[in-house]
Amino acid sequence: AAQMLITAGDNTDRIKSEAAFAKMCGACPIPAGSGKTNNRHRLYRGGNRQANAALYRVIIVRMRWHQPTIDYVARRTAEGLSKREIIRCLKRYLARELFRLLPAPDTTAHNRDEELEMVA
């Protein structure tokens, strides 16, 4: 949890959307098909590596102890996905959950910064 707060930073204005947060954490999917395969994705290699590692740790623990996640893994395995692909999907889902928990951007602080720039 602390790593996610560090990643988001004190200034949440730089994270405009849930997708931007996922990319910052390295949990956004990128098409990885060779032309012969369809719908193959991999995770974005950039972003904050510590945040990505924190997401991974949470997912591994959830896969072991969190019943809804265990059910999800069983369902997706039956659909033919590999463990690596399932972890990729779960990381993206967790990034979405965490983004919703972040504090809303402070619009008054943003307006004060703009006013200070105009005065200078």
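The values are calculated or read from the model by the stated rules, or taken from the named source; none is laboratory data. None of the values given here were measured: they were computed from a predicted structure. Glycine also receives a Cβ, built like all others from the backbone with ideal geometry; neighbour counts cover every protein chain displayed.
Points to keep in mind about this one:
- Output for segment 43-100, where each listed residue is among the basic types (Lys, Arg) and at positive phi: none
- Top-ranked residue of segment 76-120 - restricted to ones that are closer than 21 Å to residue 29 by Cα and β-branched (Val, Ile, Thr), ranked as modelled with the highest pLDDT: 77
- Scanning segment 73-94 for residues that are among the small types (Gly, Ala, Ser), more than 12 Å from residue 63 (Cα to Cα) and in a helix (DSSP H, G or I) yields a single hit, 78.
- Here the condition is being surrounded by 13 or more Cβ atoms within 10 Å (Cβ to Cβ), modelled with pLDDT under 75 and of a type in the set (A, V, I, L, M); of 43, 55, it holds for 43 alone.
- Matching residues in segment 1-31 - criterion: being of a type in the set (Asp, Glu) and at pLDDT 75 or above: 18
- Looking only at segment 65-82, and only at residues there that are in contact with a helix residue (DSSP H, G or I) (Cβ under 8 Å, 6 or more places away or on another chain) and of a type outside the set (Val, Ile, Thr), the one that is nearest to residue 32 (Cα to Cα): 81
- Residue count for segment 48-75, restricted to those that are basic (Lys, Arg) and either closer than 19 Å to residue 28 by Cα or touching an Asp or Glu at 6+ places or on another chain (Cβ under 8 Å) (or both): 2
- Residues that are touching a residue at least 24 places away in the same chain (Cβ under 8 Å) and farther than 10 Å from residue 43 by Cβ, drawn from segment 86-96: 90, 94, 95, 96
- Residues satisfying the stated conditions in segment 61-78, i.e. touching a residue at least 12 places away in the same chain (Cβ under 8 Å) and under 13 Å from residue 94 (Cβ atoms): 62, 63, 69, 72
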